[in-house]
Structure formats: structure tokens, C-alpha cells
Amino acid sequence: MNKHILFLITNRIIISLITLLIIAVIVFVATTLLPGDTATILLGQSATPEAIEGLRKAMHLDEPAFTRFISWILAFLHGDLGISYSNNMPVADMVGRRLLNSLKLASVTTAFAVPLSLFLGVTTAVMRGSLYDRAVTIFTIGVISIPEFIVATTAVLIFAVYLKWLPALSLTADIDTLAGLLRAYAMPVITLTCVVSAQMIRMTRAAVIDALASPYVEMALLKGASRKRLVLSHALPNSLGPIANAMALSLSYLLGGVIIVETIFNYPGIAKLMVDAVTTRDLPLIQSCAMIFCLAYLLLVTIADLIAILSNPRLR
Amino acid sequence: MANLVEIRGLKVEAKTDANRRIEIVKDVDLDLVPGEIVALIGESGSGKTTIALTLMGHTRTGCSISAGSVMVDGQDVVQMSEQQRSRLRGAVVSYVPQSAALAFNPAKAIMDQVIEVTQIHGIMPAEEARQRAIELFRALSLPNPETIGERYPHQVSGGQLQRLAAAMALIANPKIVIFDEPTTALDVTTQIEVLRAFKDVMRRAGAAAIYVSHDLAVVAQLADRIAVLRNGEVQEMGQTVQILEQARHPYTRELIAAFEPHRAPVVLNEIDERRPLLDVENVVAGYGWSKIDSSLLVKAVDNVSLQLYEGRNLGIVGESGCGKSTLACAISGILPAVSGHIIFDGRELGPGYKERTAQQKREMQIVFQYADAALNPARSIDDILGRPLAFYHGLTGEAQSKRINALLDMVRLPTSLRGRRPGELSGGQKQRVNFARALAAEPKLIICDEVTSALDTVVVAAIIDLLRELQQELSLSYIFISHDLSMVQAICDKIVVMYQGKAVEELAVENMTQPQHPYTQLLFSSVPKLDPNWLDSLARERPILTA
């Protein structure tokens, strides 16, 4: 039995690695397909053809795409993300700081959103059809439907402009004290929690309702089990797989998809870095950011799948 | 003796999707004295499970008790709060579900679930409960009683799970046990072991029981009294022997009559021995084909040969997992056979349906067990029957419409049903439509895969009569795949018994009651009989078959 599960897990991880390789190819091809010649853009319209040719050679742009891909991926594997075209800084340094910021924001949001969604999802499932359930459902559907920039700007309008409780921008130096940190993160976290929780609440609710309708829960009810026991010890363990998957999908949004929130609150995260890189046609930076987003996504989905495998007693 | 249970004027209402209220239990009175086993018998939808569940104050979603009282051990369950009811559940009244395979939580070890009742109600410490559970496992003659509890539900067989569910119900020494069709999902050979275990353990525990079932023969082995239900009303109630021998109500008589061998005198047609309609030779089929070593992971059908002649009927019987349905799939080409020959009407067929001509496909039709699953719920009966007519015969418009009417007439359904969807028909009606769909192709051979096992006894008899009539009108041949011996014996002139993928015996009509192979003997002797002493009179030591 254990051998079997080990096989499943290694299998799953190998599939992830293959996916990653395919992603690398796609990212590389997509960035090469970007219109315009990098050397021309870097040197400007007035550069001489000789200068452009020289730069192309220096940047190995004249080599075939395949060799460029191989050297890029090999460097990537060694942790060398290349040198930024626009400011000659190592990409690793630029990304590193921003990634840390993004991860901070993402983890604070996760710390709030996951327990909140689990709680609301499970309680609405248990009280299905009640006023509470309907209120939460309407709220979540509302939040799914409203674009996040409206949520964000409304939050700024209320908390920063009228109530003056929180700063409108998160780019404050004062994040060393707990109070400062809370103040700086409050609004982005609220906005992001709204965005990612809605889906998680709905999926959790659906998964738990599914499990609650099963014959084994009725059996437990007929054994005299309390509601709490029905949900926590019978329904929830069986809906862990689908819940973990829904969570992974929602949380993956927190790295790549937060560009709007980062822009509105002027938060120096990695999504903003990538968008800036696109405008300056900074290929190594774009490639690195894209790879990081895909890696994070893949990591989350793989973890969710592993949880699903491990929580299934047929495989355990 | 004072009554342990007194149900008076019980009414249960169900709310339909259209918010209409219908009474599914109408004014039922029922008593139960300590230590007595009362059976509730009736077809599906007769309200038998609903009544049994009211003893625990439980109604399924959409249902509610609208009137009456259910006194259990001196207290009215109807008046209780949900909290008071949960104190009753498991401790005073316990439940053995229809499908233990679904009623066990797949994510928890069996022992934890068996002793859960004692933990919820704080009846005994966990260690003591575990000891008691092991004793019960032993009493229920489960294998490895010491360790079986450590396994997960998917690691034990269906018959074992059903007995484990009984242990789960008995662990807290309840006064009443509700058995809800506990052996319906089991093979007859397994059913005997489970019934015997139930009987022994109930005798020892001295608890009272409500036994819900649609099978009169099963109930006759266990019950002291029988209540016959129909449409949510008690039609007749009495001592078991009295019900079996002097049934007064016509419905009860109908139920009993369904057990009589209703074999019509067979007039076998002349056949040409050299030219069978279907000749299956050494067919091997299964799942998990590996190209590397050219072998099957699971060989479900192992070298089976059989012949069927025109106008004759062949029965294929065996327990679940013996490969009989796989054989049907191999013959019809749904699952291509790995080796062997299938010769139909003088010509060899390709193994997969893709390699067969439209005419070959048309001439061999298959009818599946669950009409519910086989008929598209979003289509009207008109569409369902029109499709094969257009596909095989190119019939459209007026001609198609006429043919649909004729088909419905053949299966004895009114043409007014044409506009309805499958969900608006009863189980028996759906199965008739399922047949009409096969008949639309004008086949020579119809393979019936467990076509009656989802139907009530009385309906089965009607369907069999219909099939026989259709055979005479249309000169059809049937293959019946079934685990129900009496059904197959009623209509077939040859029976092939399958066991572990092999055809172990072939019985012709004249020696159908004298099987030679030990497995066939075991199978035939396992079919419950109406005689209340049947179970006790069976030899304790039955032949044990090894693979």
C-alpha cells in the first residue's frame, strides 16, 4: 500500500517537472515572439547598424533560438537569471526583493483568507438554506462579480479618504512595528481576501454539502452523532481533496494576478515588476517573472494533489 | 407484555420539487414487543423504510412527520427535540443500512466507526468497546475478528461489511434494531451467511427488530410477524406462517404468487443443430490489456464457449464479479474480446463494435440493467425511440411516428406517454421503454443484462410475460444475464453457470433442477424459499469452493 502511494507521489512530481519544462519552452518562445528587435529598442532609433549588429552579437541574439534556449535554461537551473537589459542589474537581485514583498503579502492574505473561507464554507454548508447561508452566498457572488479595482478603490475611498484610518499607499517605510505593518497591509489584504475567498467559500460549501448528503453521514446521524461530529469527523475528511484543489487555484492568484491591487496601493510586488519589464522589453526579467509565477502555480497545484492523494484512504 | 414500540396514526408527508405535499405514509399503526422481529414488506415507494426511520425520529430530506405518535420505550419520538432524539439514536434504536458499502465512512478505519456509538453516548470505555466489537465480529462469523477492525471499508467484501454494520448496530446493546434491506445488495450465496449470522446474533442479543425488505422469502426466515405495505398503508399484518399460508389481501397473494414457478409450458421450436444463431467460441475478455506482454491484468471472461439457437433463450447466471456482464459486453462488441470467435448468423463478427457493420449491430441489441441510466433524462420518449428508427431504418416524419406507436403498443404502453421524459415514468414503464428502444432496431438477438433486478417482484413477473409474448410475435432470441435464478429458470431453455470467469456448467431445460457442479449446487440451494424453516434446515456445512 505504501509503495503504491510512493509511486503515485513520485509520478505526480515527475509530471510537474515535465510541465515545468514545457512551460519554460512556452515562456521562451513567447518572449522571442515579442515584436521588435531588442537591440534596436535598447539603442534607440538613431543607432548605427554596426552598433546594433555589435550589440546583437554581444547579447548572443544572433545565435539560433535553440542554443539560446539551452544556455538560458542551464543558467536558470544554476540560479543565474541573467542581467536586466534596461539597467544592467542582475535579475536575481531585482526579483529577489520584489518576490519577498509579494510573498509577504500573499502569506498574510493566505493566513486570513484560508481560515475565513473554511469557516464560512463549512458553516454555510451546515446551515444550508438558512438566512445566514443566503446572506453569505449573496455576498460571495457579489464579490466574485465585482472587479477587484472597484473593491480596492472603494476600500481606499472609505478607509483612507473618509475615515482616514489607513494610509492609501502601502509603500511606507514603517513596517517594522506590528501596528505599522497592520496599517500598511490592511487594505491590500482586505481586497485580496475578498477576491480569493469568494471562490474558496463556494467550493468548500459545495464539497461539504456533497459529503453531508452521503449515506455515511446519515449513518453517523443515526448513531446519534452531534452536528459538530458529523461535519468535523465525517464530512470534512472526505472533502479535503476538492477543497485543497479549490484553495490552490485561488491562492495561485496571489502572486501573478495581483497586479491591479499592487498598482492601486503602489505596493512594490513582483507582478508590478513584470508589467514594468514588459514596457521596457526587458526579456530576462519577463522570462524570470513568468517562470516564477508558473512555478508558484505548479507548486500549489502539486501540493493540492498530494493532499488529495494522502487524504484518500484507498490510496493511503 | 408491554409494547416496546407503539406507532399510532402515523402520517409522513413529502414535499415534491413543485412544492406540492404528498402523503407517503398514511395512518399507520404498528406495535413491537421486546425481543420480537417484525418485518415490513412491500415494493419500492411503499413507505417501509420511511416508517422504520421514524422510530429514530429521522426523516429523509424533504419529508416530515405530519401526524401521529411514535412511542419508543415509553417516550414519543415525534414530540422530542433533535437533541433528545440523538440520545436515542444508536443507544436505544440502532440502524443497519441497505448498503453498508456506502454507509461506512471511507476515510475512517472500521473499528473506529463500529465503536463510535459507544463513544458518542459514553456507554463504555473505548478499550471495552473494542473487546465487545471483537466478540461481535466473532459471533457474526467474520474472518480474523481480532484484526478486521483495523482495515478500511474498501478493504473488506460487501458481505463482510454488511455484517460489520450489524456489529456496529449491536455494540451498544440497543433495545431495537432496524434492518433496512440489509441483504438486498448481496449475492444469494453471501446472503445466506449474512442472514444466518443475523439470526444467531439477534437470538443471543434478545433485542427487538424491524426488518425492512421487499423479499418475502428472506423475511420468512427471520420474522415473527409480517406487515405488508403498499402505498404507505398497512395492507395486512399477521404471524409469519399465517401470512404465508392464509394471505387474505390480494396484494399479499400476488407477492406470494410471484414465488410460484411460473414457467409456461415450453414448446421448443425445431432447430438446426449445425447452424446456431450465435456461436461463442473460447472467448477471453477482461481489463487492463498490456501490450508489452500481451496479457490481461484482469481476465474477467476466461475461455467461454456457448451456443444459442434461433427462437431459443439462454440464461447466464453467477454471482457478481463472475464475468457475466463482461461476457455480454464482449458479445456485443462494447468490450472487444482479446481472443476467441463470435459467430453470429453464420458470419464471424469483429471483436469491437467498430469492426462490425451497421446491420450486424442492428441485429444484436443490448438492454441494460438500469433503465434510469440508459435512457437520456433530457429526452422525451418520442426522441428516445425515434433515434434508432432514424439511425437504422432511415424512418422520419409520419412513418417514424407510426412505428413509435407500434413499438409502444408492443411493450404495452399507452401512446399518450410519447411526450413524457423518463423521469415521469415508473420503474417498470422505463424498463419497457428500454425494451422498445432495443426492438426499434428490429434485432434477431436481444441481450438482457440484469433487466429485472432493479424492479419489484410483481413488476418482474409482468416484464417476463411481456418478453415471452414478444418472442412469439417477433421470433426473437434472448440472452439473459442475471443473478436471479428463478427469473432465468422461468424463461430460458438453457442456462450457463459462470464462476470466476469460467463457464462451469451448462444446464438444459430437462435437467435444470439437477445441477452437477458443486458451485451450481451451492448457487441453486442458496435461493431463499418461502418456507420459514428453510434457513435452519440448510446444512450448516456447505461446500466450500476454492478458486
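The values are calculated or read from the model by the stated rules, or taken from the named source; none is laboratory data. Quick caveat, the model's predicted, so the values are computed rather than measured. Cβ placement follows ideal geometry from the backbone for every residue including glycine, while neighbour counts extend to all protein chains displayed.
Does segment B:77-85 include one or more residues that are part of a loop (DSSP other than H, G, I, E, B) and either buried (at least 16 other Cβ atoms within 10 Å of the Cβ) or within 8 Å of chain A (Cβ to nearest Cβ) (or both)? So that I can check it myself, show each step before the final result.
So in segment B:77-85, the residues part of a loop (DSSP other than H, G, I, E, B) come out as B:80-81.
Going one step further and asking which of them are either buried (at least 16 other Cβ atoms within 10 Å of the Cβ) or within 8 Å of chain A (Cβ to nearest Cβ) (or both), we end up with B:80.
Looking for residues that are part of a loop (DSSP other than H, G, I, E, B) and either buried (at least 16 other Cβ atoms within 10 Å of the Cβ) or within 8 Å of chain A (Cβ to nearest Cβ) (or both), one finds at least one in segment B:77-85, hence yes.
Residue by residue, here is whether (1) more than 14 Å from every other protein chain (Cβ to nearest Cβ); (2) over 28 Å from B:G42 (Cα atoms) holds:
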{"site": "B:V156", "(1), (2)": "no, yes"}
{"site": "B:I171", "(1), (2)": "no, yes"}
{"site": "B:L186", "(1), (2)": "yes, no"}
{"site": "B:L195", "(1), (2)": "yes, no"}
{"site": "B:F198", "(1), (2)": "yes, no"}
{"site": "B:R203", "(1), (2)": "yes, no"}
{"site": "B:I210", "(1), (2)": "no, no"}
{"site": "B:S213", "(1), (2)": "yes, no"}
- Which numbered condition trips up B:P515, out of (1) touching a Phe, Trp or Tyr at 6+ places or on another chain (Cβ under 7 Å); (2) in contact (Cβ under 8 Å) with a residue 60 or more places away in the chain; (3) part of a loop (DSSP other than H, G, I, E, B)? (2)
- Per the list (1) within 14 Å of chain B (Cβ to nearest Cβ); (2) buried (at least 21 other Cβ atoms within 10 Å of the Cβ), residue check on A:L192 breaks on (1)
- Restricting attention to segment A:143-151, does a residue exist that is under 20 Å from A:S107 (Cβ atoms), at pLDDT below 85 and more than 14 Å from every other protein chain (Cβ to nearest Cβ)? yes
- Can you name the residue in segment B:308-328 that is surrounded by fewer than 19 Cβ atoms within 10 Å (Cβ to Cβ) and under 30 Å from B:A358 (Cβ atoms) and is also nearest to the chain's Cα centre (by Cα) among such residues? B:G311
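Within segment B:361-374, track down each residue that is touching a Leu at 6+ places or on another chain (Cβ under 9 Å) and modelled with pLDDT of 90 or more. Lay out the reasoning, then the answer.
Step one: list which residues in segment B:361-374 are touching a Leu at 6+ places or on another chain (Cβ under 9 Å), which gives B:363-365, B:371.
Within segment B:361-374, B:E363, B:M364, B:Q365 meet the criteria.
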- Query: Of the residues that sit in segment A:215-229 and are buried (at least 16 other Cβ atoms within 10 Å of the Cβ) and either of a type in the set (K, R) or within 22 Å of A:A246 (Cα to Cα) (or both), which one is farthest from the other protein chains (Cβ to nearest Cβ)?
  - Reply: A:R229
- Query: Is it the case that some residue within segment A:271-290 is more than 14 Å from chain B (Cβ to nearest Cβ), basic (K, R) and under 16 Å from the mean Cα position of the chain (by Cα)?
  - Reply: yes
- Scan segment B:136-172 for residues that are without any contact (Cβ under 8 Å) to a residue 40 or more places away in the chain and under 26 Å from B:S86 (Cα atoms) and report the count. 2
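For segment A:303-313, indicate whether the set of residues that are without any contact (Cβ under 8 Å) to a residue 12 or more places away in the chain, within 14 Å of chain B (Cβ to nearest Cβ) and either among the β-branched types (V, I, T) or more than 30 Å from A:N87 (Cα to Cα) (or both) is non-empty. Step through it out loud before you land on a result.
Residues of segment A:303-313 without any contact (Cβ under 8 Å) to a residue 12 or more places away in the chain: A:313.
Next, only the ones that are within 14 Å of chain B (Cβ to nearest Cβ) stay: A:313.
If we keep only those that are either among the β-branched types (V, I, T) or more than 30 Å from A:N87 (Cα to Cα) (or both) as well, we get A:313.
Yes.
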- Item | Residues satisfying the stated conditions in segment B:86-97, i.e. part of a loop (DSSP other than H, G, I, E, B) and facing chain A (nearest Cβ under 7 Å) | B:G90, B:A91, B:P97
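For segment B:114-133, what are the residues that are facing chain A (nearest Cβ under 9 Å), surrounded by 24 or more Cβ atoms within 10 Å (Cβ to Cβ) and not charged (D, E, K, R)?
Going through segment B:114-133, the residues facing chain A (nearest Cβ under 9 Å) turn out to be B:116-117, B:120-121.
If we keep only those that are surrounded by 24 or more Cβ atoms within 10 Å (Cβ to Cβ) as well, we get B:116-117.
Listed by number, the list holds a single entry, B:V117.
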- Of (1) closer than 29 Å to B:G423 by Cβ; (2) touching a helix residue (DSSP H, G or I) at 6+ places or on another chain (Cβ under 8 Å); (3) surrounded by fewer than 20 Cβ atoms within 10 Å (Cβ to Cβ); (4) more than 14 Å from chain A (Cβ to nearest Cβ), B:T16 satisfies every one except (2)
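Anything in segment B:382-422 that is part of a loop (DSSP other than H, G, I, E, B) and touching a residue at least 40 places away in the same chain (Cβ under 8 Å)? List them, or say none. Walk me through how you get there before you give the answer.
So the first thing to find is which residues in segment B:382-422 are part of a loop (DSSP other than H, G, I, E, B), and the list is B:394-396, B:411-414, B:420-421.
Once the filter is applied, which keeps residues that are part of a loop (DSSP other than H, G, I, E, B) and touching a residue at least 40 places away in the same chain (Cβ under 8 Å), segment B:382-422 yields B:V411, B:R412, B:R420, B:R421.
Taking segment B:491-524, which residues are among the polar types (S, T, N, Q) and modelled with pLDDT under 85? Step through it out loud before you land on a result.
First pass over segment B:491-524, keeping only residues among the polar types (S, T, N, Q): B:500, B:511, B:513-514, B:516, B:520-521.
Once the filter is applied, which keeps residues that are among the polar types (S, T, N, Q) and modelled with pLDDT under 85, segment B:491-524 yields B:N511, B:T513, B:Q514.
If you go through segment B:495-510 one residue at a time, how many are of a type outside the set (D, E), surrounded by fewer than 19 Cβ atoms within 10 Å (Cβ to Cβ) and over 16 Å from B:L522 (Cβ atoms)? Working first, answer last.
Initial filter on segment B:495-510 (of a type outside the set (D, E)): B:495-504, B:507-509.
Next, from what is left, pick out any that are surrounded by fewer than 19 Cβ atoms within 10 Å (Cβ to Cβ): B:500, B:502, B:508-509.
Applying the additional criterion that residues be over 16 Å from B:L522 (Cβ atoms) yields B:508-509.
Residues meeting the conditions: 2.
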- Item | Breaking point among (1) in a helix (DSSP H, G or I); (2) at pLDDT below 85; (3) surrounded by 15 or more Cβ atoms within 10 Å (Cβ to Cβ); (4) β-branched (V, I, T), for A:I175 | (1)
- Could you list all residues from segment A:41-72 that are in contact with a Lys or Arg (Cβ under 9 Å, 6 or more places away or on another chain) and assigned to a helix (DSSP H, G or I)? A:I41, A:L42
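Yes/no matrix, rows are residues, columns are (1) touching a Cys at 6+ places or on another chain (Cβ under 7 Å); (2) part of a loop (DSSP other than H, G, I, E, B):
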| residue | (1), (2) |
| --- | --- |
| B:E442 | no, yes |
| B:I446 | no, no |
| B:S453 | no, yes |
| B:I464 | no, no |
| B:I481 | yes, no |
| B:S486 | no, no |
- Item | Residue that is nearest to the other protein chains (Cβ to nearest Cβ), among those in segment B:98-113 that are crowded, with 24+ Cβ neighbours inside 10 Å and in a loop (DSSP other than H, G, I, E, B) | B:N105
- Exception for B:A337 within (1) crowded, with 19+ Cβ neighbours inside 10 Å; (2) not in a loop (DSSP other than H, G, I, E, B) falls at (2)
- Note on B:L485: of the conditions (1) buried (at least 19 other Cβ atoms within 10 Å of the Cβ); (2) touching a Pro at 6+ places or on another chain (Cβ under 8 Å), unmet is (2)
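For segment B:355-381, give me each residue that is surrounded by fewer than 16 Cβ atoms within 10 Å (Cβ to Cβ), in contact (Cβ under 8 Å) with a residue 12 or more places away in the chain and part of a helix (DSSP H, G or I).
Quick first cut of segment B:355-381, residues surrounded by fewer than 16 Cβ atoms within 10 Å (Cβ to Cβ) only: B:355, B:357-359, B:373, B:376-379.
Next, only the ones that are in contact (Cβ under 8 Å) with a residue 12 or more places away in the chain stay: B:355, B:358, B:376-379.
Passing the criteria: B:E355, B:A358.
Over 28 Å from the mean Cα position of the chain (by Cα) and either more than 7 Å from every other protein chain (Cβ to nearest Cβ) or surrounded by 20 or more Cβ atoms within 10 Å (Cβ to Cβ) (or both): which single residue out of A:L212, A:L236 fits that description? Break it down stepwise before answering.
On the way: A:L236 fails: over 28 Å from the mean Cα position of the chain (by Cα).
Criteria check complete, one pass: A:L212.
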- Message: Based on this model, can you work out whether B:L470 counts as hydrophobic (A, V, I, L, M, F, W, C), touching a Lys or Arg at 6+ places or on another chain (Cβ under 7 Å), at pLDDT 85 or above and surrounded by fewer than 21 Cβ atoms within 10 Å (Cβ to Cβ)?
- Response: no
- Looking at segment A:62-72, which of the residues that are more than 14 Å from A:L283 (Cβ to Cβ) and among the hydrophobic types (A, V, I, L, M, F, W, C) is surrounded by the fewest Cβ atoms within 10 Å (Cβ to Cβ)? A:F66
